[in-house]
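These notes are about the structure you will find just below.
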Ligand code: F6R
């Protein structure tokens, strides 16, 4: 949600800032801006996608070796240039970029206006610039002015401030919205996401909540400390710059779908002992004793991560025999969940920064539950705040819609289920499941090699504006996920239902203009799902089947997408792939950009 970049060193800042913004554009793309310090502050902002800012940057001079930049996803104020960051104070002496929300901005703004401050935007962020200005007017040094300002705000922030009067210095502060500092040779970078820095350095320092850093070319000083931060806080990014480019594909979403065979391999690497039928999860080794004691697991997540959790519920209950509940993190955090020391709360999150999921984990900690993370982004807040966890190792996901992250979440959840079974002496399915997992990359590749099936399905759907996704048992969550994917990138209204529920209401929608996409692999639910297909057909409904058995199903349906057969527990990992491709192709067929769906941003760090 919104992207921040900062640079201080000896090179020209503008190209570095613009390059960082282009990497982060997927985080927000309704407006963007930069501010470069050079005796004064030069600020250039533009409404719309980054290319609009690029055009302006070419027209105006912005020399200087210290600066900040931002790409915005609107929360307060319409997406117009005046609401774009960087925001400034009345005199143009202070500029800042801010991610997050200042909850008490209205009262702060009213106070500032009553003392003569003039505001030029509708944003909550602008109050921070005026508050800092007010304090500096009273001779407070910049750092103290930022500290004192933040002591008076309620809400969340990832904030970077620059002042025309303090050369070659950036102040960075974090509370609930991530910031990372990149360490170079006599230069430093700041970003809301390490992907914006990786082209320059892999050495990074993640700021913690409540920390304020003074960043100069020489060093990083924390919370007013006279000594610079040392190596102990530094970590290394473990992926490469190539992973943040499209690699020859027209869109990140397609690239990320196509790389799923490798993603599954990466999630499995080093974690399966096929000879002894064991699963090795280093991230859980240290808490084995406590894990063996738990009597219940609550999985929390949002959106696709929540749907992955629903598959996880089936997996863990069937494989390890532990009761599981899955809850939307945004609900969990606001009720009084009945959890104890013997409950493990597992947060699933690609970004590791989703505000609701992070708060759910904090609530679980307050209740003394064991907190676990299934997280993709190394060093993210959820990864750091949970007691233990497992990374899904999908690499950076740039496309706004979760694809490879979802598939790697399912893969890793299967490993977690096997591991939990192992701790309880349950081994019956382990050999078969590990062997099945090892086959998945090849099987996913087979689906990707037959993409033409998807194009036929897209043609059958034509210009439809509505459809149902249906599935049962392991495939109910895949129906929800398929519907979410289609609606978010192609704007076709889609609903996911478990097929058993169809007769309790949704079937009323069915006629020849209302298509259904039915997940019907040959599994324990096949006959039941087959009956549902007959019911749909009897009402004239158009049906696209995603199945492992074209021969049985093909004659009754309008289009058929065939996928390889695997074990029932693993089948969702294969059957979700055609739903991703379908959403992608529908978006492209409608001339939409699947990487930048309207009103959405990649990482939701606000409520
Ligand atoms: C859908 C999608 C979202 C995310 C959700 C959680 O395609 O990407 O629904 O799954 O916002 O995000 P993370 O996993 O980062 O917590």
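Every read-out reported here was derived from the displayed coordinates using simple, explicitly stated rules and does not represent laboratory data. Note that the coordinates shown come from a computational prediction; the quantities given were computed from them, not determined experimentally. No Cβ is skipped: glycine too gets one built from the backbone with ideal geometry, and neighbour counts run over all protein chains shown.
Please say if the chain is rounded, prolate or oblate, where rounded means a/c under 1.5 for a ≥ b ≥ c the square roots of the C-alpha gyration tensor eigenvalues, and otherwise the choice is prolate for a/b larger than b/c and oblate otherwise? Note, shape of the chain comes out prolate.
If I fit a long axis through the Cα atoms of helix 355-366 and take the longest principal axis of the Cα atoms of the chain, what angle between them do I get, 0 to 90°, rounded to 10? Between helix and principal axis, roughly 90 degrees.
Rounded to the nearest 500 deg cm²/dmol, what is the calculated helix-only ellipticity per residue at 222 nm for the chain, with -39500 (n - 2.57) per DSSP H run of length n ≥ 4? Helices in the chain give a 222 nm mean residue ellipticity of -11000 deg cm²/dmol.
The stretch 397-467 and the stretch 119-184 have Cα centres separated by 44 Å. Sorted from greatest to least, the principal axis extents spanned by the alpha carbons of the stretch 3-237 come out as 46, 41, 32 Å. Taking all Cα pairs closer than 8 Å and separated by 6 or more residues, the relative contact order of the chain comes to 12 percent.
Any idea what angle helix 571-589 forms with the longest principal axis of the chain, computed on alpha-carbon atoms, 0 to 90 degrees, nearest 10? Once rounded, one gets 60 degrees. Per-residue packing, averaged as other Cβ atoms within 10 Å, sorts the ranges 545-551, 98-104 into the order 98-104, 545-551, beginning with the highest. A crude spin-label estimate for the pair residue 368 and residue 54, with each label 7 Å from Cα along the Cβ direction, gives 5.7 nm. When each of the peptides 240-253, 366-379 is scored by the mean number of other C-beta atoms lying within 10 Å of its residues, the order from highest to lowest reads 366-379, 240-253. Pairing the Cα long axis of helix 126-137 with the longest principal axis of the chain, what angle in degrees results, from 0 to 90 and rounded to the nearest 10? Tilt of helix 126-137: around 30 degrees.
Across all C-alpha atoms in the stretch 297-384, the radius of gyration and Dmax reach 11.7, 32 Å. Computed over every Cα-Cα pair of the stretch 470-604 and binned at 10 Å starting from 0, the pair-distance distribution P(r) comes out as 13, 44, 33, 10, 0 percent.
Among 331-339, 79-87, 529-537, 54-62, the peptide with the highest mean count of other Cβ atoms within 10 Å heads the list, and the full ranking is 79-87, 529-537, 331-339, 54-62. Averaging Cα coordinates gives a centre for the stretch 201-271 and one for the stretch 481-547; these two points are 41 Å apart. The mean sequence separation of alpha-carbon pairs under 8 Å and at least six residues apart, normalised by the residue count of the stretch 307-371, gives a relative contact order of 32 percent. Relative contact order for the stretch 452-589: 30 percent, from Cα pairs under 8 Å spaced at least 6 residues apart, divided by residue count. Once the chain from residue 114 to residue 460 is taken as fully extended at 0.36 nm per residue, the excess over their C-alpha distance is 118.4 nm.
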